[in-house]
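The values are calculated or read from the model by the stated rules, or taken from the named source; none is laboratory data. Owing to the predicted nature of the structure, the values given are computational and were not obtained by experimental measurement. Positions of Cβ are backbone-derived with ideal geometry, glycine not excepted, and every protein chain shown enters the neighbour counts.
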Amino acid sequence: MKPWLLGLSLLAAFPAFAASPWREALPDWVYEFPRDHHAHSEFKTEWWYVTGNLKSDRGREFGFQLTFFRQGVRRGEEVRTRFAPRDIKLAHFAVTDVQGGGFRFAQKVSRGAFGEAGFSEGAKIAWIDDWELRQDGAGSFSLRAGEGDLRLVLDLRAGKPPVFHGERGVSQKSEGAGRGSHYYSFTRMEARGKLSRGPDEEEVSGEAWFDQEWATNQLAENQTGWDWLSLQFDDGSELMLFQIRLKEGGRDSHSHGTWVGADGSVVPVKNQDFELRPGRVWRSAETGAAYPVEWRVRIPKLDLEVDLSPALDRQELVLKPVAYWEGSMRAQGTRAAKPLAGRGYLEMTGYATGLVGLQAPEAR
């Protein structure tokens, strides 16, 4: 689950193309690399998402997020002008300064009419202006992004093979064929690079998480938002988990996750397998939204129980037309009665703004 809100809401600007024949995420997709690191233009929506926790050579801690979105607006028709694009390019970038208590974020939106933004050009997977995600080899990637005097450049190397979420190649999000995504992750990547703030440059290193999803129709009308988390534990294991909240209360039965062992073994976590309980709430002064920034995760079949707390409460991206909370987290708990600690990222949507355009329009 990723912050698709902005990209999907742009669909309203292109009503004439809402009923285009986009391909749906159906069972038995066969993943193939490096092909599937790149754009899948036959699907309406796609995103590449990298988060991580870093430490500088001066001992300072940082969190970061860089997400590229592709939102399709046309398929299967002739385009006569470069100003009538087949897709819209979007990106979000954020950095959390843990010790300094700062949180900075930015977004870019582009038609890419003159090549200033695009997807799948040689080693480049996605780019907008000088923001870029590229593949440098099998399991190796690099990224760069900046805003004002803030700039991040990282090299990423996968420590484990990609993990595929869901069943038969589909991460189902609501009832019905095609209402899901093709979704894989590199759950633990070594990250090294530089973080610059004006003339002040620091070498940074740490661990990152890489996700890619592509889909067409996903959520249903009775779904109002989601809580998604990725955690990297100090015993070498990882966890992806999300719940989709319902308008009438409770969560959707298609909520699920994946646990990855230190040895790379994979255990699916189904809706009935986990508890995700909200704790302390932080209220945004900008949007008025009340975000539960502390959580307890319990998965009895893994003998796992951890408490999550934010590196910083104020990690809300206030964008137009949406706002959501996406931030660096700390985990502390037990697994098999042994102490367990970790770090990761949490995303919460639907608290400040509705899921504008998230449910795909019906064909007309």
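When 330, 314, 298 are checked against the criterion of being under 21 Å from the mean Cα position of the chain (by Cα) and in a strand (DSSP E or B), 330 stands alone in meeting it. Looking across the range 317-327 at every residue that is part of a strand (DSSP E or B) and either of a type outside the set (A, V, I, L, M) or in contact with a Gly (Cβ under 7 Å, 6 or more places away or on another chain) (or both), the one that is farthest from residue 63 (Cα to Cα) is identified as 324.
Residues that are out of contact with any Cys (no Cβ under 8 Å at 6 or more places or on another chain) and assigned to a loop (DSSP other than H, G, I, E, B): does the range 201-215 have at least one? Scanning the range 201-215 turns up no residue that is out of contact with any Cys (no Cβ under 8 Å at 6 or more places or on another chain) and assigned to a loop (DSSP other than H, G, I, E, B). May I ask you to verify whether residue 180 is over 16 Å from the mean Cα position of the chain (by Cα), farther than 21 Å from residue 107 by Cβ, crowded, with 19+ Cβ neighbours inside 10 Å and not aliphatic (A, V, I, L, M)? Considered against the rule, which asks whether it is over 16 Å from the mean Cα position of the chain (by Cα), farther than 21 Å from residue 107 by Cβ, crowded, with 19+ Cβ neighbours inside 10 Å and not aliphatic (A, V, I, L, M), residue 180 comes out as no. Scan the range 160-167 and tell me whether some residue there is in contact with an Asp or Glu (Cβ under 8 Å, 6 or more places away or on another chain), buried (at least 22 other Cβ atoms within 10 Å of the Cβ) and under 28 Å from residue 42 (Cα atoms). No, that holds for no residue.
In summary, strands (runs of 3 or more DSSP E) completely within the range 98-153 and bearing 2 or more residues that are touching a residue at least 60 places away in the same chain (Cβ under 8 Å) and under 16 Å from residue 204 (Cβ atoms) occur at 140-147.
When restricted to residues that are part of a strand (DSSP E or B), in contact with a strand residue (DSSP E or B) (Cβ under 9 Å, 6 or more places away or on another chain) and at pLDDT below 95, the range 191-200 contains 1. For first residues located in the range 163-190 and part of a strand (DSSP E or B), partners that are surrounded by fewer than 21 Cβ atoms within 10 Å (Cβ to Cβ) and of a type in the set (Ser, Thr, Tyr) and lie 6+ apart or on another chain with Cβ distances below 7 Å form the pairs 164/31; 184/31. Filter the range 251-273 down to the residues that are in a loop (DSSP other than H, G, I, E, B) and more than 20 Å from residue 180 (Cα to Cα) and list them by number. Answer for the range 251-273, where residues must be in a loop (DSSP other than H, G, I, E, B) and more than 20 Å from residue 180 (Cα to Cα): 261, 262, 263, 264, 265.
Filtering the range 110-152 to residues that are of a type in the set (A, V, I, L, M) and within 17 Å of the chain's Cα centre (by Cα) leaves 125, 126, 133, 143, 145.
Please tell me if residue 296 is closer than 20 Å to residue 310 by Cα, free of Cβ contacts under 8 Å to residues at least 40 places away in the same chain, surrounded by fewer than 18 Cβ atoms within 10 Å (Cβ to Cβ) and touching a strand residue (DSSP E or B) at 6+ places or on another chain (Cβ under 6 Å). In short, yes.
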